[in-house]
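K.L.:
So that we are looking at the same thing, I have put the structure below in structure tokens.
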There are 4 protein chains.
Amino acid sequence: MSFNTFGKIFRFTTWGESHGPAIGCVIDGCPPNIPISEIDIQKDMDKRRPGQSKFTTQRKESDKVTILSGVFEGKTTGTPISIIIYNEDKKSRDYESIKNKFRPGHADYTYFKKYGIRDFRGGGRQSARETACRVAAGAVAKIVLKKTIGKKFNIVGAVTQLGLMSCDKLNWKNSEIRKNPFFCPDKKSVKLWEKYLLAVRKAGSSCGAVIELRASGIPVGLGAPIYSKLDTDIAAALMSINAVKGVNIGTGMNAAFLSGEENSDEIRKSSGKIKFKTNHAGGILGGISSGQDIVASFAVKPTSSILTSRETINKKGKNTKISVKGRHDPCVGIRAVPIGEAMISCVILDHLLMHRAQCS
Amino acid sequence: MSFNTFGKIFRFTTWGESHGPAIGCVIDGCPPNIPISEIDIQKDMDKRRPGQSKFTTQRKESDKVTILSGVFEGKTTGTPISIIIYNEDKKSRDYESIKNKFRPGHADYTYFKKYGIRDFRGGGRQSARETACRVAAGAVAKIVLKKTIGKKFNIVGAVTQLGLMSCDKLNWKNSEIRKNPFFCPDKKSVKLWEKYLLAVRKAGSSCGAVIELRASGIPVGLGAPIYSKLDTDIAAALMSINAVKGVNIGTGMNAAFLSGEENSDEIRKSSGKIKFKTNHAGGILGGISSGQDIVASFAVKPTSSILTSRETINKKGKNTKISVKGRHDPCVGIRAVPIGEAMISCVILDHLLMHRAQCS
Amino acid sequence: MSFNTFGKIFRFTTWGESHGPAIGCVIDGCPPNIPISEIDIQKDMDKRRPGQSKFTTQRKESDKVTILSGVFEGKTTGTPISIIIYNEDKKSRDYESIKNKFRPGHADYTYFKKYGIRDFRGGGRQSARETACRVAAGAVAKIVLKKTIGKKFNIVGAVTQLGLMSCDKLNWKNSEIRKNPFFCPDKKSVKLWEKYLLAVRKAGSSCGAVIELRASGIPVGLGAPIYSKLDTDIAAALMSINAVKGVNIGTGMNAAFLSGEENSDEIRKSSGKIKFKTNHAGGILGGISSGQDIVASFAVKPTSSILTSRETINKKGKNTKISVKGRHDPCVGIRAVPIGEAMISCVILDHLLMHRAQCS
Amino acid sequence: MSFNTFGKIFRFTTWGESHGPAIGCVIDGCPPNIPISEIDIQKDMDKRRPGQSKFTTQRKESDKVTILSGVFEGKTTGTPISIIIYNEDKKSRDYESIKNKFRPGHADYTYFKKYGIRDFRGGGRQSARETACRVAAGAVAKIVLKKTIGKKFNIVGAVTQLGLMSCDKLNWKNSEIRKNPFFCPDKKSVKLWEKYLLAVRKAGSSCGAVIELRASGIPVGLGAPIYSKLDTDIAAALMSINAVKGVNIGTGMNAAFLSGEENSDEIRKSSGKIKFKTNHAGGILGGISSGQDIVASFAVKPTSSILTSRETINKKGKNTKISVKGRHDPCVGIRAVPIGEAMISCVILDHLLMHRAQCS
């Protein structure tokens, strides 16, 4: 069983390999009559696009999206939206050196063992290139959410931890995030991060990152207990992103350290509005949105495509060594920001439609 | 849309409220001809059963399982296995005090807002009582896995962090876990934990916990990329458990702090066997099992059912206060150990069957 | 893979064997705040109940439904509704004679070959007893539909062909259907049918039947193209009923004989209402309801549990003979009427909720 | 909720409109290491291709398939297979005349009422052009089935009824089917059919058809009771095809006319093989394949795109008339043969994989 479809009512299916002719996605279940254009989607694509700074992969891809179906006279028709993105920068690389070796920390070994065959060119299907399709689907989800919920709706992501360097979340400003190549929300941390990451790159090494997502304007009541809770689906959505190893909702793993008094978010009504004093829960109680901001974070491991030689085996099971040459991405986590935003957008829209189905 | 079914090929559906006549589950997709009895399932149920120590809820439930279908002459028939557990200790409590108030940190408010109606007795459907059904389904999954994979297969869980108290994971011994009321794998920590938790209980407070799960003997190749990766499904499975706020696979959130060199698990062949030098990946690469132990952990928040008075609102939206009387559970995380074991067992079996379908 | 769940948003899962302790179903996805009681459901159960006339099986079952969850203070809560029906008349029968033989025309052989094990008592899971659960789920669906659509909504089924005997559909009166033991809508045919079926029964034989379902008051726009069209799902729903071999929508198989002129249902607007001149389409165009009555019919084969001796093989693959003694059901199709009504109700409700999700 | 995906383990998702830039499908869950090429798929495409005789639509489409992913060095990799077919002959038509009118018997009205928007060009998504994608998916399914089951496996379809003209099924020869433009299996009927259909065409009218499918070599044991029985899924698969109004399994609707003696297919063992004396069941008992040939048939209604003027309404709800000019297809049922073959192939493969998952 293979599972290249995400979502229950708003569903997208992705296809394509890193070095095949194209990649793409088919979005099914999108509400009709939503104005959507390639330009709208392209904006989000450009955030994820490689080759935009010296801190991310130098692969040159314009990631231009083309809509092949499901939009008529500028509006969605309720039928499947097929989006295609052609692979452009796929010829230059020589994969002979890794064709028969398994890169440690990559899925080379497990894909080969599972399927008995693998497209080794650029990682094939396991490549993070697949995430471009998620961003396209997420862009559509955001447009629908904005149309449905209105202006108060917003989703934003930022890198809050870059390897060993944290930032001061009290300084978080949405407006700062796009002004630096790290998606860092704290202006003061940018300089330090730049130095740090340059050093990591020079050393031929790599580092991990933590990305935090904040969704505001989400109505109370979204979530499908018990096995498709809103946080359950967010956890799945984020963990499905390449190289992600941990997911937190609100206080997350640190909830273990709190007392019951600290952790329970007290509720008050004031000026006719319901307010929570704190948001340890990350906006989700019992798997259902509470009306607070939804806050989730996830950790991306450092890429193991590093210049240092590493021990591994080859296809025949012989011991050997491997090291990556050429393009080298010191922190793959940075580019995970728009991907995380896209995934959480899809989950929230899916739950909005699910809620409508049962409870409207 | 409501979602009380878990799994894709090995699927279970749970039903029932904390204070209704019974709870239960229907397991669909179980392979036929597997010897299964109520006694086998009961063993796992007894691990989760409340009222077994002074550190967990004093609700008295025998949690006796009855199989109503799907097993004939001691063996599974491939048809749905219906399991029922009657609620016994449900009369004593007076819910008048919380009937019209929303407990902060609970799902009272969100359930009410979502559905416009809620069974307030003992939390109704949001109660952790539902997890008894997961344990029953997990017990069946484990029996099938043992029959299929053989003796080398094992799943074990333990509490590795109890509020502010950690244990030394280097001292982990499977045999110690069941010998203390905390599912603590490190003998040396038990005394300290006991003191600590007694203090928490006396203070009328509560604390969180971290549970770690280890599955060994899992064959290489399980996992359904891209959107039902093995780790994606484990993350969903664990995040769906009541009060869970974070999930890690292998090194998890801490992967952000590692360098690429540290994080990539080098591979060696020795004595004819493939070995990994480390297991930062938690046994999963690209969403597919590598043959290493699968390691996952999750954080359970402190229950907000504490003796201290907390601010909240009532059904009419008026400000009020609430405090819990009577039964009080200082660390709900402890009882999450068998639940975590059950959920990861179901995920692994589901993926074993999925893999068979596509790749056998 | 086993599949005991029906539906997408309004879903029910059935479990249980003919001669186990009980059978039951779990309904998930039911909208909240719908008034529902066991009495409401029982009314539909009683229509299907065996032993009500000399023309149906003499098994004595009260088919009393008990709701175990999902209903609180008389209303649905949006959580799973678990319904149980205990098997009462299960002791009397001796199954030794068919334990090791495969009844021709039954699923004995195929279940055994598929699973390597089968519960032979009364057909086990393959028994039509399972359909009691469908009727319970359908009763809930009808209540929700009535609450949502209003009084104009109605679903009715009738037997229009009993073996070789047809009835005159121009004489169809809903009020006649329940007045005779055949669910015959044409008063004039009843006497003849009675004679015919008595003769069939005396001969120790059996006959088939055609059941027609008519749903009125269905709003335009229900249906989920392309692979969950309204007629696609109705076809699946009806074909899943035991012994059904054919399904028609509207004119059905006879559409092959019509000309394009005859078959296209012309549309007119008169007195502010849209009317179709004819209804060959059975109320469905392109898989979407048109607002006309939805008309579907299905054929039930004659039971092969007949008194005549038939050739077959036993479990060891040896040739042998078999004949059924005791209880004998001359036309199982009669009792399929409430089952068909139930299934089409579930499909229509499911599509109503699906439509709400995407298009409301 | 929209549903453009078919299947459970072997799944395909189709997208595209009749007059958009392209149509296509994404096949997920295909077993790995199966040799597949565009040439293999093209063979099946060419059977369905329009413009091949004067009896089918004159639209000129080469229906050339391009594989964009999932195949590496000539073999499937187990990842999604994306297939694209460009629309070529889409410019010539003027749709102004039907832009604002609803063709009776078409889905124009229901699509517009459901979605509030429709792509009117050539029927948009409702066009039978979508079925080209089914044929592509079916071609892949057949290749996998042949690789898995071996040479004895075969699927063939034929037209057995053309409007009022039947053929003699006792004369059925597989080798005749492709030799005439009607997919007629009975050589003797061809001449008569030709005359008949020419007359229908000259009259500007259209007629329906019945297509029969026969699958041989199918192993015993395929089927997923209760709600994904093999016949349930075949019924859904066939009913989902444009213009289909009825589906029969084996004797089908005519089972109503048989006696229990006639209908039960007796079983014999001879020369070490299990044989059934007859095949009224169409190779399926209790939803599970019996090892006999699987036989299913379906009726296609006459197209309502006829030259005769028909009454209808326009978008504003005003009464008007409509008649189709230009291209005219006297019997759309003819081209349904390869589509039916494709759909049943996909169902059988899906069930083969499902069976493997649970019972291997």
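The values are calculated or read from the model by the stated rules, or taken from the named source; none is laboratory data. All of these numbers come straight from a predicted model, not from anything done at the bench. As a convention, Cβ positions derive from the backbone with ideal geometry for all residues, glycine included, and neighbour counts pool all protein chains shown. Side chains included, ligands, DNA and RNA excluded: accessible areas come from the protein's heavy atoms. Shrake-Rupley method; radii C 1.70, N 1.55, O 1.52, S 1.80 Å.
K.L.:
Report, by residue number, each residue of region D:215-232 that is closer than 15 Å to residue C:235 by Cβ, facing another protein chain (nearest Cβ under 7 Å) and in contact (Cβ under 8 Å) with a residue 40 or more places away in the chain.
P.N.:
Step one: filter region D:215-232 for residues closer than 15 Å to residue C:235 by Cβ, giving D:227-232.
Adding the requirement that they be facing another protein chain (nearest Cβ under 7 Å) leaves D:227-229, D:231-232.
Correct list: D:228, D:229, D:231, D:232.
K.L.:
Still on this model: Please state which one of D:344, D:313 is within 10 Å of chain C (Cβ to nearest Cβ) and farther than 17 Å from residue D:128 by Cα. Write out each step before concluding.
P.N.:
Details: D:344 fails: within 10 Å of chain C (Cβ to nearest Cβ).
From the options D:344, D:313, the qualifying one is D:313.
K.L.:
Given the structure, is residue B:268 at pLDDT 95 or above and either of a type in the set (D, E, K, R) or under 29 Å from residue A:308 (Cβ atoms) (or both)? Please lay out each step first, then the result.
P.N.:
On the way: at pLDDT 95 or above: yes; either of a type in the set (D, E, K, R) or under 29 Å from residue A:308 (Cβ atoms) (or both): yes.
Criteria met by residue B:268.
K.L.:
Please specify each residue of region A:253-296 satisfying the condition of being closer than 20 Å to residue A:232 by Cβ and touching a Phe, Trp or Tyr at 6+ places or on another chain (Cβ under 7 Å).
P.N.:
First pass over region A:253-296, keeping only residues closer than 20 Å to residue A:232 by Cβ: A:253-256, A:263, A:265, A:279-296.
Scanning region A:253-296 gives A:265, A:285, A:286, A:288, A:290, A:292.
K.L.:
Condition first: farther than 30 Å from residue A:226 by Cβ and facing chain B (nearest Cβ under 7 Å). Can you find one or more residues in region A:282-290 that meet it?
P.N.:
In the first step, residues of region A:282-290 are kept if they are farther than 30 Å from residue A:226 by Cβ; the result is none.
The answer is no; no qualifying residue exists.
K.L.:
Among the residues of region D:175-194, are any within 8 Å of chain C (Cβ to nearest Cβ), open to solvent by 20 Å² or more (accessible area, probe 1.4 Å) and in contact with a helix residue (DSSP H, G or I) (Cβ under 8 Å, 6 or more places away or on another chain)? Walk me through how you get there before you give the answer.
P.N.:
Step one: filter region D:175-194 for residues within 8 Å of chain C (Cβ to nearest Cβ), giving none.
No, region D:175-194 has no match at all.
K.L.:
Could I ask something else about it? If we scan region C:203-214, do we find a residue that is over 30 Å from residue D:343 (Cβ atoms), outside any strand (DSSP E or B) and at the interface with chain D (Cβ under 7 Å from one of its Cβ atoms)? Working first, answer last.
P.N.:
The first filter runs over region C:203-214 and keeps only residues over 30 Å from residue D:343 (Cβ atoms), leaving C:203-207.
This time we only want the ones that are outside any strand (DSSP E or B), so: C:203-206.
Then drop every residue that is not at the interface with chain D (Cβ under 7 Å from one of its Cβ atoms), which leaves C:205-206.
Yes, region C:203-214 contains a residue that is over 30 Å from residue D:343 (Cβ atoms), outside any strand (DSSP E or B) and at the interface with chain D (Cβ under 7 Å from one of its Cβ atoms).
K.L.:
Is it fair to say residue C:36 is within 14 Å of another protein chain (Cβ to nearest Cβ) and buried (at least 24 other Cβ atoms within 10 Å of the Cβ)?
P.N.:
Values: within 14 Å of another protein chain (Cβ to nearest Cβ): yes; buried (at least 24 other Cβ atoms within 10 Å of the Cβ): no.
Considered against the rule, which asks whether it is within 14 Å of another protein chain (Cβ to nearest Cβ) and buried (at least 24 other Cβ atoms within 10 Å of the Cβ), residue C:36 comes out as no.
K.L.:
Criterion first (of a type in the set (A, V, I, L, M, F, W, C), touching a helix residue (DSSP H, G or I) at 6+ places or on another chain (Cβ under 8 Å) and either at pLDDT below 95 or open to solvent by 10 Å² or more (accessible area, probe 1.4 Å) (or both)) does residue B:300 satisfy it? Write out each step before concluding.
P.N.:
Working: of a type in the set (A, V, I, L, M, F, W, C): yes; touching a helix residue (DSSP H, G or I) at 6+ places or on another chain (Cβ under 8 Å): yes; either at pLDDT below 95 or open to solvent by 10 Å² or more (accessible area, probe 1.4 Å) (or both): no.
For residue B:300, the condition - of a type in the set (A, V, I, L, M, F, W, C), touching a helix residue (DSSP H, G or I) at 6+ places or on another chain (Cβ under 8 Å) and either at pLDDT below 95 or open to solvent by 10 Å² or more (accessible area, probe 1.4 Å) (or both) - is not met.
K.L.:
Taking the condition closer than 19 Å to residue B:69 by Cα, charged (D, E, K, R) and more than 7 Å from every other protein chain (Cβ to nearest Cβ), does residue B:48 pass? Walk me through it before giving the result.
P.N.:
On the way: closer than 19 Å to residue B:69 by Cα: no; charged (D, E, K, R): yes; more than 7 Å from every other protein chain (Cβ to nearest Cβ): yes.
So residue B:48 does not fit the description; no.
K.L.:
Kindly evaluate residue B:56 against the criterion of being within 25 Å of residue B:99 (Cα to Cα), more than 14 Å from chain A (Cβ to nearest Cβ) and of a type in the set (Val, Ile, Thr). Break it down stepwise before answering.
P.N.:
Details: within 25 Å of residue B:99 (Cα to Cα): yes; more than 14 Å from chain A (Cβ to nearest Cβ): yes; of a type in the set (Val, Ile, Thr): yes.
Spelling it out, residue B:56 is indeed within 25 Å of residue B:99 (Cα to Cα), more than 14 Å from chain A (Cβ to nearest Cβ) and of a type in the set (Val, Ile, Thr).
K.L.:
On to the next question. May I ask you to say which residue of A:2, A:62 is over 24 Å from residue A:146 (Cβ atoms) and out of contact with any helix residue (DSSP H, G or I) (no Cβ under 8 Å at 6 or more places or on another chain)? Can you show your working first?
P.N.:
Details: A:2 fails: out of contact with any helix residue (DSSP H, G or I) (no Cβ under 8 Å at 6 or more places or on another chain).
Step by step, each of A:2, A:62 is checked, and only A:62 is over 24 Å from residue A:146 (Cβ atoms) and out of contact with any helix residue (DSSP H, G or I) (no Cβ under 8 Å at 6 or more places or on another chain).
K.L.:
Scan B:84, B:9, B:27 and give me the residue that is within 14 Å of chain A (Cβ to nearest Cβ), part of a strand (DSSP E or B) and open to solvent by less than 20 Å² (accessible area, probe 1.4 Å). Give the derivation first.
P.N.:
Working: B:84 fails: within 14 Å of chain A (Cβ to nearest Cβ); B:9 fails: part of a strand (DSSP E or B).
Selected residue: B:27, the only one of B:84, B:9, B:27 that is within 14 Å of chain A (Cβ to nearest Cβ), part of a strand (DSSP E or B) and open to solvent by less than 20 Å² (accessible area, probe 1.4 Å).
K.L.:
Can you tell me which residue is nearest to the chain's Cα centre (by Cα) among those in region D:144-190 that are assigned to a loop (DSSP other than H, G, I, E, B) and among the acidic types (Asp, Glu)?
P.N.:
Taking region D:144-190 as the starting set, the residues that turn out to be assigned to a loop (DSSP other than H, G, I, E, B) are D:150-153, D:163-164, D:167-168, D:172-173, D:178-186.
From what is left, the residues that are among the acidic types (Asp, Glu) are D:168, D:186.
On the way: D:168: 22, D:186: 20 Å.
Only one residue tops the list, namely D:186.
K.L.:
(1) in a loop (DSSP other than H, G, I, E, B); (2) closer than 25 Å to residue C:114 by Cα: which one isn't true of residue D:302, the others all being true?
P.N.:
(2)
K.L.:
Within region B:87-115, track down each residue that is under 21 Å from residue A:226 (Cβ atoms), assigned to a loop (DSSP other than H, G, I, E, B) and among the charged types (D, E, K, R).
P.N.:
Once the filter is applied, which keeps residues that are under 21 Å from residue A:226 (Cβ atoms), assigned to a loop (DSSP other than H, G, I, E, B) and among the charged types (D, E, K, R), region B:87-115 yields B:90, B:103.
K.L.:
When region D:12-23 is examined, which residues are found to be at the interface with another protein chain (Cβ under 7 Å from one of its Cβ atoms) and buried (at least 24 other Cβ atoms within 10 Å of the Cβ)? Walk me through how you get there before you give the answer.
P.N.:
Initially, region D:12-23 is screened for residues at the interface with another protein chain (Cβ under 7 Å from one of its Cβ atoms), giving D:13-17, D:20-22.
Scanning region D:12-23 gives D:13, D:14, D:15, D:16, D:17, D:20.
K.L.:
Touching a helix residue (DSSP H, G or I) at 6+ places or on another chain (Cβ under 8 Å) and of a type in the set (Asp, Glu): which single residue out of B:262, B:212, B:266 fits that description? Explain how you work it out, then say what you get.
P.N.:
Numbers: B:262 fails: touching a helix residue (DSSP H, G or I) at 6+ places or on another chain (Cβ under 8 Å); B:266 fails: touching a helix residue (DSSP H, G or I) at 6+ places or on another chain (Cβ under 8 Å).
Within the list B:262, B:212, B:266, the selection yields B:212.
K.L.:
Within the group B:147, B:114, B:101, which residue is of a type outside the set (S, T, N, Q) and surrounded by fewer than 19 Cβ atoms within 10 Å (Cβ to Cβ)?
P.N.:
Exactly one of B:147, B:114, B:101 is of a type outside the set (S, T, N, Q) and surrounded by fewer than 19 Cβ atoms within 10 Å (Cβ to Cβ), namely B:147.
K.L.:
Right, here's the next one. Do the conditions hold for residue A:69, that is, is it more than 14 Å from chain B (Cβ to nearest Cβ), over 30 Å from residue A:316 (Cβ atoms) and in contact with a Phe, Trp or Tyr (Cβ under 7 Å, 6 or more places away or on another chain)? Quick ask: steps written out before the conclusion?
P.N.:
On the way: more than 14 Å from chain B (Cβ to nearest Cβ): yes; over 30 Å from residue A:316 (Cβ atoms): yes; in contact with a Phe, Trp or Tyr (Cβ under 7 Å, 6 or more places away or on another chain): yes.
Yes, satisfied.
K.L.:
Moving to a separate point now. Within region C:87-98, restricting attention to residues that are among the hydroxyl-bearing types (Ser, Thr, Tyr) and open to solvent by 30 Å² or more (accessible area, probe 1.4 Å), which residue is nearest to the chain's Cα centre (by Cα)?
P.N.:
Narrowing region C:87-98 to residues among the hydroxyl-bearing types (Ser, Thr, Tyr): C:92, C:95, C:97.
Retained after the next criterion (residues that are open to solvent by 30 Å² or more (accessible area, probe 1.4 Å)): C:92, C:97.
Numbers: C:92: 27, C:97: 30 Å.
Only one residue tops the list, namely C:92.
K.L.:
If the Cβ limit is 7 Å and pairs must be 6+ apart or interchain, which residue in region D:248-259 that is facing chain C (nearest Cβ under 7 Å) and closer than 17 Å to residue D:157 by Cα pairs with which residue that is outside any helix (DSSP H, G or I) and open to solvent by 20 Å² or more (accessible area, probe 1.4 Å)?
P.N.:
So the pair list comes out as D:250/D:279; D:250/D:280; D:250/D:295; D:251/D:258; D:251/D:280.
K.L.:
Which one of these is in a helix (DSSP H, G or I), within 24 Å of residue C:356 (Cα to Cα) and more than 7 Å from every other protein chain (Cβ to nearest Cβ): C:132, C:141?
P.N.:
Details: C:132 fails: within 24 Å of residue C:356 (Cα to Cα).
Step by step, each of C:132, C:141 is checked, and only C:141 is in a helix (DSSP H, G or I), within 24 Å of residue C:356 (Cα to Cα) and more than 7 Å from every other protein chain (Cβ to nearest Cβ).
K.L.:
A follow-up question, please. Given the conditions (1) in contact (Cβ under 8 Å) with a residue 12 or more places away in the chain; (2) among the aromatic types (Phe, Trp, Tyr); (3) over 19 Å from residue C:79 (Cα atoms), which single one is not true for residue B:72?
P.N.:
(1)
K.L.:
So, residue A:349, is that one within 28 Å of the chain's Cα centre (by Cα), within 10 Å of another protein chain (Cβ to nearest Cβ) and modelled with pLDDT of 95 or more or not?
P.N.:
Numbers: within 28 Å of the chain's Cα centre (by Cα): yes; within 10 Å of another protein chain (Cβ to nearest Cβ): no; modelled with pLDDT of 95 or more: yes.
Against the criterion (within 28 Å of the chain's Cα centre (by Cα), within 10 Å of another protein chain (Cβ to nearest Cβ) and modelled with pLDDT of 95 or more), residue A:349 does not qualify.
K.L.:
Here's another thing I want to ask about it. Within region C:259-294, which residues are part of a loop (DSSP other than H, G, I, E, B) and open to solvent by 10 Å² or more (accessible area, probe 1.4 Å)?
P.N.:
Quick first cut of region C:259-294, residues part of a loop (DSSP other than H, G, I, E, B) only: C:264-266, C:271-272, C:277-283, C:286-287, C:290-293.
Once the filter is applied, which keeps residues that are part of a loop (DSSP other than H, G, I, E, B) and open to solvent by 10 Å² or more (accessible area, probe 1.4 Å), region C:259-294 yields C:266, C:271, C:272, C:277, C:278, C:279, C:280, C:286, C:291, C:292, C:293.
K.L.:
Within region A:39-47, is even one residue open to solvent by 40 Å² or more (accessible area, probe 1.4 Å), more than 30 Å from residue B:1 (Cα to Cα), free of Cβ contacts under 8 Å to residues at least 24 places away in the same chain and in contact with an Asp or Glu (Cβ under 8 Å, 6 or more places away or on another chain)? Even if it seems obvious, please write down each step before you answer.
P.N.:
Within region A:39-47, the subset open to solvent by 40 Å² or more (accessible area, probe 1.4 Å) is A:39-40, A:43, A:46-47.
Filter again for more than 30 Å from residue B:1 (Cα to Cα), leaving A:39, A:43, A:46-47.
With the extra rule that they be free of Cβ contacts under 8 Å to residues at least 24 places away in the same chain, the set shrinks to A:39, A:46.
In the following step, the residues that additionally are in contact with an Asp or Glu (Cβ under 8 Å, 6 or more places away or on another chain) were identified as A:46.
There is at least one residue in region A:39-47 that is open to solvent by 40 Å² or more (accessible area, probe 1.4 Å), more than 30 Å from residue B:1 (Cα to Cα), free of Cβ contacts under 8 Å to residues at least 24 places away in the same chain and in contact with an Asp or Glu (Cβ under 8 Å, 6 or more places away or on another chain).
K.L.:
Okay, next question. Checking residue D:119 against (1) of a type in the set (D, E, K, R); (2) farther than 23 Å from residue C:279 by Cα; (3) modelled with pLDDT of 95 or more; (4) buried (at least 24 other Cβ atoms within 10 Å of the Cβ): exactly one of these is not met. Which one?
P.N.:
(3)
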